[in-house]
């Protein structure tokens, strides 16, 4: 058996466009439930407002930017899923070692520098995205900047939400794999761990 090939096949089955679309749908449902659809609406209005002012080359560049965002989502949600698994076991066996797992294992590891730079391809794509938005802002009329910001903000929000949901899925997967607690005290510990994570992720009031 070719272990590397088997593992690669498993990853392709799990970490694919279908799962990414599910995570994005979860984000949309979350926003609707919170009556917070303004970001998406501003994105649609922003793209519509920008179109008359953009050349064909700029429109194509915007499509490229959005494709890069999606590529980064696909890379990041796999990494973050396993970070969620890791977080559960660290907290289970080293209580107090990770007080804010999402911040420590995601925000600091892939969303901000210097951790982001360790994911070279992801980081290069993000730099390209930032440079493209800056270039467009400089080339387009000042009246277009708010619309351009709305497009950028929507993609940033979607990326952040995908990472939140992916981390949560990884955490739940590890919790399920660990089997049933062997005592009521252990069960209470796990419920407390999960409750704290949901609070950090902003899920407490929804789940």
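Observations, loosely collected:
- Screening 49, 26 for residues that are out of contact with any strand residue (DSSP E or B) (no Cβ under 9 Å at 6 or more places or on another chain), surrounded by 13 or more Cβ atoms within 10 Å (Cβ to Cβ), in a helix (DSSP H, G or I) and at pLDDT below 90 leaves exactly one candidate, 26.
- Within the set 105, 62, the sole residue that is under 30 Å from residue 145 (Cα atoms) and either in contact (Cβ under 8 Å) with a residue 24 or more places away in the chain or not in a helix (DSSP H, G or I) (or both) turns out to be 62.
- Residue match in region 126-138 (condition: part of a helix (DSSP H, G or I), over 20 Å from the mean Cα position of the chain (by Cα) and buried (at least 20 other Cβ atoms within 10 Å of the Cβ)): yes
- Where residue 141 falls short, out of the listed (1) without any contact (Cβ under 8 Å) to a residue 24 or more places away in the chain; (2) within 24 Å of residue 41 (Cα to Cα): (1)
- Test: residue in region 80-92 that is without any contact (Cβ under 8 Å) to a residue 40 or more places away in the chain, assigned to a loop (DSSP other than H, G, I, E, B) and on the phi < 0 side of the Ramachandran plot: no
- In region 167-184, the residues that are touching a residue at least 40 places away in the same chain (Cβ under 8 Å) reach residues that are assigned to a loop (DSSP other than H, G, I, E, B) with C-beta atoms within less than 8 angstrom, at least six apart or across chains, in these pairs: 168/203.
- Selection status of residue 69, within 28 Å of residue 127 (Cβ to Cβ), without any contact (Cβ under 8 Å) to a residue 60 or more places away in the chain, assigned to a helix (DSSP H, G or I) and touching a helix residue (DSSP H, G or I) at 6+ places or on another chain (Cβ under 6 Å): no
- Single residue of region 190-207 satisfying the filter (in a helix (DSSP H, G or I) and touching a residue at least 40 places away in the same chain (Cβ under 8 Å)) that is farthest from residue 30 (Cα to Cα): 190
- Being over 21 Å from residue 171 (Cβ atoms), free of Cβ contacts under 8 Å to residues at least 12 places away in the same chain and buried (at least 16 other Cβ atoms within 10 Å of the Cβ) is a property that residue 116 has.
- Region 119-137, residues that are in contact with a helix residue (DSSP H, G or I) (Cβ under 6 Å, 6 or more places away or on another chain) and free of Cβ contacts under 8 Å to residues at least 40 places away in the same chain: 123, 137
- Some residue of region 168-179 being surrounded by fewer than 11 Cβ atoms within 10 Å (Cβ to Cβ), under 30 Å from residue 64 (Cα atoms) and at pLDDT 95 or above: no
The values are calculated or read from the model by the stated rules, or taken from the named source; none is laboratory data. Only a predicted model underlies this, so the values are computations on that prediction, with no experimental measurement involved. Glycine gets a Cβ as well: all are built from the backbone with ideal geometry, and neighbour counts include every protein chain shown.
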